[in-house]
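Take a look at the structure set out below.
The values are calculated or read from the model by the stated rules, or taken from the named source; none is laboratory data. Here the structure is a predicted model, which means the values were calculated and not measured. Virtual Cβ from ideal backbone geometry, glycine too; neighbours counted across all protein chains shown. The protein model used for the area step is the full one, side chains on, heavy atoms only, and it has no ligands, DNA or RNA in it. Shrake-Rupley method; radii C 1.70, N 1.55, O 1.52, S 1.80 Å.
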Amino acid sequence: MGLHERAAELYGDSELVLSSGDYPDTSGIETAFDNAVKWLHGKRVFGAAMLREKVIDSLVKETAAFLSEGIRQGLEESTISDAMAESLRESVGVFSGFKTFHEMKEAAGMLLDEAGNIKPFEQYYKDIQTLNDTYNKFYLKAEYDFTVSSSTMAARWEEQQDDGDGRYLLQYRTAGDNKVRKAHRELEGITLPSSDPFWDKYYPPNGWRCRCTVAKVRAAKYPATDSRQAADAAEKATAGKHAEMFRFNPGKQRAVYPAYNSYTISECNICPKSDLKLAGKFKNELCAACQIIREQAKFITEPTKGGELRVHIRHGKNEREENIRIARHFTDKYGQEIDLLPRSNTEKCADAYNRTLKQLQEYKQCATPTKNAIDMALRDANRKADHIVLVIASDISEELLTKVIRERMLRVKRLQSITIVKDGKDIVYTKEETIRKKFKINWADLK
């Protein structure tokens, strides 16, 4: 069955859950789509490697940003762990990547006329609008609804894991109105421990626009359902075309969407994504795209006035905002491309990789005008990177700063340069410059 037939089965069985005013603005996606098809018009094909092109990645990121608003909406009344939040955002990025891959493959298939010639852009752009409506209006809103409900249930699952030594069970509940589909009514009232394998497959949402939920109840008040009978009932209740796509637990898998969804293949459910063995086994272009999509999904693009700033979803939470401000100085002023890197609990890691300069960089902001503060920053940076960006946010004197930097740079082995930033101006010194006897910092030299 083709993608659109499958989507019709999944997305077209009921009205949208939210009113039109509850969806985020789609103008960012519309602009990114226009830019992508203009770029694509100059090509004859679209392949997996093209997902790395900035104009295509922009469409992926705009789609992910739209759906990420669904995560925010779904979590408005919940508090979740950082690990859960990171995984949900990554899941949205992966889903958006596969969606864009299919969208662009189909758009590329519309480039040629019946004679095999590239269509004039005006004709191509007119033809492509039906594709835009399908992917970025109809499908997108259904996917947003699912993002909201799936995120809500992921948070609920995390909250429900303290079972109080068997005092509590989990109970499946529908919305209880006449809109509840018959299949889901069969699951009403099933009550089992959170450890029961039933919840691996049948924790809500159990379909697009599913409004079911799970409540934590006292075992003394609600007797447990027979586990085998519950599984048999759920198997029958959720049987049908593509039902296996919804047999997952968003909280347990820490994912907004199941591995097998409207843009992937059933084998994705069994793929060990850590080593992508299926990519070699099935020789499928979707599998070839998977590695690129998963790599890019780990980064969120931040708005800048120039260049590009990507922040890894596992970049240090406590330093995130400060490092974004520092990186924006270089993206906005020089158009540099910078990645803020993931933190590590076991290794000393740099804050950033400057793709323009091809440098691992450590960012430090010093607000204390003392020798010790500067020296500690340099020593720590030397353990993490070859280059340090030192933001001076104090009234430390030029003389003291010069003295501390020269003394420490004479001792360190790894640091090769230091970039000093003060009041929106900056200057770069190589290690060779800093260890010279005549080395002297002058604020007037910063540009």
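Quick look at the values:
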read-out	value
Helices (runs of 4 or more DSSP H) lying entirely in the range 69-160 (those with 1 or more residues that are among the small types (Gly, Ala, Ser) and either open to solvent by 30 Å² or more (accessible area, probe 1.4 Å) or in contact with a strand residue (DSSP E or B) (Cβ under 7 Å, 6 or more places away or on another chain) (or both))	82-108
Index of the failed condition, Asp445 passing every other in (1) surrounded by 14 or more Cβ atoms within 10 Å (Cβ to Cβ); (2) more than 20 Å from Ile338 (Cα to Cα); (3) free of Cβ contacts under 8 Å to residues at least 24 places away in the same chain	(1)
In the range 336-357, residue nearest to His387 (Cα to Cα) [restricted to those that are open to solvent by 40 Å² or more (accessible area, probe 1.4 Å), part of a loop (DSSP other than H, G, I, E, B) and modelled with pLDDT of 95 or more]	Leu357
Total residues in the range 285-327, condition assigned to a helix (DSSP H, G or I) and either surrounded by fewer than 21 Cβ atoms within 10 Å (Cβ to Cβ) or modelled with pLDDT of 90 or more (or both)	20
Scope the range 1-17; condition assigned to a loop (DSSP other than H, G, I, E, B) and at pLDDT 60 or above; matching residues	Gly2, Gly12
Residue in the range 398-417 that is under 26 Å from Gly306 (Cβ atoms), crowded, with 16+ Cβ neighbours inside 10 Å and of a type in the set (A, V, I, L, M) present	no
Among the residues listed as Leu192, Leu169, the single one being touching a residue at least 12 places away in the same chain (Cβ under 8 Å), more than 30 Å from Val60 (Cβ to Cβ) and open to solvent by 10 Å² or more (accessible area, probe 1.4 Å)	Leu169
Test: residue in the range 424-436 that is open to solvent by less than 40 Å² (accessible area, probe 1.4 Å), free of Cβ contacts under 8 Å to residues at least 40 places away in the same chain and in a strand (DSSP E or B)	yes
Cβ pairs under 6 Å, 6+ apart, first in the range 369-381 and farther than 15 Å from Lys413 by Cα, second small (Gly, Ala, Ser) and open to solvent by less than 60 Å² (accessible area, probe 1.4 Å)	Pro369/Ser394
Selection within the range 349-381 - in contact with a strand residue (DSSP E or B) (Cβ under 7 Å, 6 or more places away or on another chain), small (Gly, Ala, Ser) and within 25 Å of Val311 (Cβ to Cβ)	Ala350, Ala352, Ala377, Ala381
Phe66 being under 23 Å from Val311 (Cβ atoms) and open to solvent by less than 40 Å² (accessible area, probe 1.4 Å)	yes
Cross-chain or 6+ apart pairs with Cβ under 8 Å, the range 327-343 first and closer than 21 Å to Asp423 by Cβ, then assigned to a helix (DSSP H, G or I)	Gln336/Phe330; Ile338/Ala327; Ile338/Phe330; Ile338/Thr331
Out of Glu186, Glu235, sole residue that is acidic (Asp, Glu), farther than 29 Å from Arg294 by Cα and surrounded by 14 or more Cβ atoms within 10 Å (Cβ to Cβ)	Glu186
Pairs with Cβ under 8 Å, 6+ apart, first in the range 76-98 and in contact (Cβ under 8 Å) with a residue 24 or more places away in the chain and among the polar types (S, T, N, Q), second open to solvent by 20 Å² or more (accessible area, probe 1.4 Å) and not in a helix (DSSP H, G or I)	Ser87/Arg254; Ser91/Arg254
Residue count for the range 358-374, restricted to those that are out of contact with any Leu (no Cβ under 9 Å at 6 or more places or on another chain) and either open to solvent by 80 Å² or more (accessible area, probe 1.4 Å) or within 16 Å of Asp395 (Cα to Cα) (or both)	5
Of all residues in the range 181-218 being touching a Lys or Arg at 6+ places or on another chain (Cβ under 8 Å), assigned to a loop (DSSP other than H, G, I, E, B) and among the charged types (D, E, K, R), the one that is farthest from Ser150 (Cα to Cα)	Glu186
Some residue of the range 93-105 being closer than 14 Å to Ser150 by Cβ and in contact with a Phe, Trp or Tyr (Cβ under 9 Å, 6 or more places away or on another chain)	yes
